[in-house]
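Engineer: Handing you this structure, nothing more for now.
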Amino acid sequence: MKTLIKVTGLLVACLVIAAKLHAASVPGTPIAGSKHDFTVSYNGQALSAVNQCSPCHEMHKPLKMKPLWARADLDAAGWVVKKGALDGTNAKLISPADFVASKSGLCLSCHEGSMAINNGVTMAAGIRGNMGRDLSQNHSIGYERGATSGTDPVTGLPLPVDAEILKTHDSVLQADGVTTKYYIGCTSCHSLHGTMNQKLVRNAVLVPTGPVCLNCHTTK
């Protein structure tokens, strides 16, 4: 029994060391010390977060198993995007329920401004980070992104969008359990983890030194 405990302890220690080495090798702005480090403060207000991960993630009994999400969904009503209201009248727009459950909904559970970030402190009113529910001035959030873009100049057939780019968008599995629809969202352009940009803007997924715009606007 003692031997088993020792072996288990060594395995855990090895995993911790490997995780730290991996984190150190991944380029990007760390959460620690950034604007998303709520162990320090938010606009001068103490948030008293347990650690850098705890405002968003919960190891035990998370509200969403992926990505161990600790925050509740926002109400689905009242969202307006560039292409119209998320009310089910535009077939190209994500549904309100899918929107608040998407990656964009995860971001907006803080950036919408009504839900506490931590310790009862909400996103300050009047600042750019407080998006509210009218997103009509913020690109085409919530609008469907096709899985093809442009045509092959030789064959004339539609060119598929690379899977690495599609997975950055908000994805919704359809009722058939096979088809997935993709929508433009916060994480189409921004990445909380592993970005060198101060505004947390993604580098191009497939061309590390290129602008993220070209992930969608390949013909410009």
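The values are calculated or read from the model by the stated rules, or taken from the named source; none is laboratory data. All values derive from a computational prediction rather than experimental measurement. Positions of Cβ are generated from backbone atoms using ideal geometry, with glycine treated the same way; all protein chains shown enter the neighbour counts. Quick note on the areas: whole protein, heavy atoms, side chains included, nothing else; ligands and nucleic acids left out. Shrake-Rupley method; radii C 1.70, N 1.55, O 1.52, S 1.80 Å.
Residues checked against (1) open to solvent by 70 Å² or more (accessible area, probe 1.4 Å); (2) free of Cβ contacts under 8 Å to residues at least 60 places away in the same chain; (3) at positive phi:
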residue	(1), (2), (3)
Ser48	yes, no, yes
Leu63	yes, yes, no
Lys66	yes, yes, no
Ala85	no, yes, no
Thr89	yes, yes, no
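Engineer: Can we say Ser191 is of a type in the set (Gly, Ala, Ser), touching a Leu at 6+ places or on another chain (Cβ under 9 Å) and within 21 Å of Ile94 (Cα to Cα)? Step through it out loud before you land on a result.
Structural biologist: Working: of a type in the set (Gly, Ala, Ser): yes; touching a Leu at 6+ places or on another chain (Cβ under 9 Å): yes; within 21 Å of Ile94 (Cα to Cα): yes.
In short, yes.
Engineer: Here's a follow-up. Among the residues of the stretch 197-213, count how many are surrounded by 12 or more Cβ atoms within 10 Å (Cβ to Cβ), farther than 15 Å from His169 by Cβ and more than 15 Å from the chain's Cα centre (by Cα).
Structural biologist: 3
Engineer: Which residues, taken from the stretch 131-166, are under 19 Å from Leu86 (Cα atoms) and in a loop (DSSP other than H, G, I, E, B)? Spell out the reasoning first.
Structural biologist: At the first step, the residues of the stretch 131-166 found to be under 19 Å from Leu86 (Cα atoms) are 131-146.
Result: Met131, Gly132, Arg133, Ser136, Gln137, Asn138, His139, Ser140, Ile141, Gly142, Gly146.
Engineer: Within the stretch 167-188, track down each residue that is part of a helix (DSSP H, G or I) and over 17 Å from Leu93 (Cβ atoms).
Structural biologist: To start, the set of residues in the stretch 167-188 that are part of a helix (DSSP H, G or I) comprises 186-188.
Listed by number, the list holds a single entry, Thr187.
Engineer: Check whether at least one residue in the stretch 99-113 is touching a Lys or Arg at 6+ places or on another chain (Cβ under 6 Å) and not in a helix (DSSP H, G or I), and report yes or no. Quick ask: steps written out before the conclusion?
Structural biologist: Quick first cut of the stretch 99-113, residues touching a Lys or Arg at 6+ places or on another chain (Cβ under 6 Å) only: 109.
Restricting the remaining residues to those that are not in a helix (DSSP H, G or I) gives none.
No - not one qualifying residue is present in the stretch 99-113.
Engineer: What is the residue count in the stretch 84-98 for residues that are among the charged types (D, E, K, R) and part of a loop (DSSP other than H, G, I, E, B)?
Structural biologist: Of the residues in the stretch 84-98, the ones among the charged types (D, E, K, R) are 87, 92, 98.
Now restrict to residues that are part of a loop (DSSP other than H, G, I, E, B): 87, 92.
Adding up the residues that qualify gives 2.
Engineer: Name the single residue, out of those in the stretch 115-150 being in contact (Cβ under 8 Å) with a residue 60 or more places away in the chain and within 27 Å of Met65 (Cα to Cα), that is surrounded by the most Cβ atoms within 10 Å (Cβ to Cβ).
Structural biologist: Among them, the one singled out is Gly142.
Engineer: Quick one: would you say Glu112 is over 19 Å from Lys181 (Cβ atoms), modelled with pLDDT of 95 or more and either among the aliphatic types (A, V, I, L, M) or surrounded by 16 or more Cβ atoms within 10 Å (Cβ to Cβ) (or both)?
Structural biologist: Details: over 19 Å from Lys181 (Cβ atoms): yes; modelled with pLDDT of 95 or more: yes; either among the aliphatic types (A, V, I, L, M) or surrounded by 16 or more Cβ atoms within 10 Å (Cβ to Cβ) (or both): yes.
Yes.
Engineer: Can you name the residue in the stretch 68-83 that is assigned to a loop (DSSP other than H, G, I, E, B) and under 17 Å from His193 (Cβ atoms) and is also most open to solvent (accessible area, probe 1.4 Å) among such residues?
Structural biologist: At the first step, the residues of the stretch 68-83 found to be assigned to a loop (DSSP other than H, G, I, E, B) are 68, 70-79, 82-83.
If we keep only those that are under 17 Å from His193 (Cβ atoms) as well, we get 68, 70-71.
On the way: Leu68: 56, Ala70: 38, Arg71: 16 Å².
Once the filter is applied, the top-ranked residue is Leu68.
Engineer: Can you find a residue in the stretch 82-91 that is farther than 29 Å from Gly44 by Cβ and within 18 Å of the chain's Cα centre (by Cα)? Let's see the steps before the verdict.
Structural biologist: Step one: list which residues in the stretch 82-91 are farther than 29 Å from Gly44 by Cβ, which gives 82-91.
From what's left, within 18 Å of the chain's Cα centre (by Cα): none.
Looking for residues that are farther than 29 Å from Gly44 by Cβ and within 18 Å of the chain's Cα centre (by Cα), one finds none in the stretch 82-91, hence no.
Engineer: Within the stretch 47-64, is even one residue touching a His at 6+ places or on another chain (Cβ under 7 Å) and either of a type in the set (Phe, Trp, Tyr) or modelled with pLDDT under 90 (or both)? Write out each step before concluding.
Structural biologist: Our first condition is that a residue be touching a His at 6+ places or on another chain (Cβ under 7 Å); within the stretch 47-64, this holds for none.
Checked against the condition, which is being touching a His at 6+ places or on another chain (Cβ under 7 Å) and either of a type in the set (Phe, Trp, Tyr) or modelled with pLDDT under 90 (or both), the stretch 47-64 yields no hits at all.
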